[in-house]
Amino acid sequence: MFLTRLIYASKVAADVNRDDLDQIIESACKNNAELGVTGALVFSNKYFLQVLEGGRSEVNTVYHKILADKRHYEPTLLDYSEISQRMFHEWEMKLFLETNINRKTNIKYFSQENFDPYEISGKTAAKLLQDITSKDHMEK
Ligand SMILES: Cc1cc2nc3c(=O)[nH]c(=O)nc-3n(C[C@H](O)[C@H](O)[C@H](O)COP(=O)(O)O)c2cc1C
């Protein structure tokens, strides 16, 4: 099955709290492991930005489930590509908090320094996610 990468942005529902995030990651890790899907999820108070990688049908299965989730709204597909190898293969799913993104990274990708994934292209979103999830990001 073709390896694919899917990246989307969405807006966080008003009542989402830390417990919701923990619960999302817990079920994501369990389900994604069963499907061979890997990726990362960035949370800011306003937005989610998520990347999913895996087989085409598995990534689509997970994405359709996510679309129906009331903990976010206006999910918008930023990128859907066939890939020859994964870039986000370390975690079934891992949460990254926007509060930990260093200022320089936001300046690099956003015109106003504010994390707004609706403002960037799919290709840029992939690079931003690569930066955020890189091991040395927090030390920069
Ligand atoms: C922003 C966001 C990201 C999510 N990411 C995943 C994911 O990567 N994998 C997954 O299975 N569920 C994910 N979920 C949760 C699903 O929407 C759904 O609640 C879950 O898959 C149901 O799992 P269960 O059938 O095991 O209870 C996410 C939800 C939100 C709001």
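No lab work stands behind these numbers, since they all come straight from the coordinates. Everything numeric here is computed off the predicted structure, so don't read it as measured data. Cβ placement follows ideal geometry from the backbone for every residue including glycine, while neighbour counts extend to all protein chains displayed.
In percent, rounded to a whole number, the relative contact order of segment 43-140 is 34, using alpha-carbon pairs under 8 Å and six or more apart. Fully extending the segment from E113 to N45 would add 23.0 nm, taking 0.36 nm per residue of separation and subtracting the current Cα-Cα distance. Report summary: the helix-based calculation at 222 nm, which adds -39500 (n - 2.57) for every DSSP H run with n ≥ 4 and divides by the residues of the chain, gives -11000 deg cm²/dmol. Cross-linked pairs K46/K108; K65/K127; K104/K127; K30/K123; K30/K104: Cα-Cα separations exceed 23 Å for K65/K127; K30/K123; K30/K104. For Y47, the residues whose amide H sits under 5 Å from its own are V12, ignoring neighbours fewer than 5 places away on the same chain, with H placed 1.01 Å from N. The protection proxy used here, the mean number of other Cβ atoms lying within 10 Å of each residue, ranks peptides 47-60, 96-109 as follows, highest first: 47-60, 96-109.
Taking the DSSP bridge list for the chain and keeping only pairs wholly inside it, about 90 percent are antiparallel.
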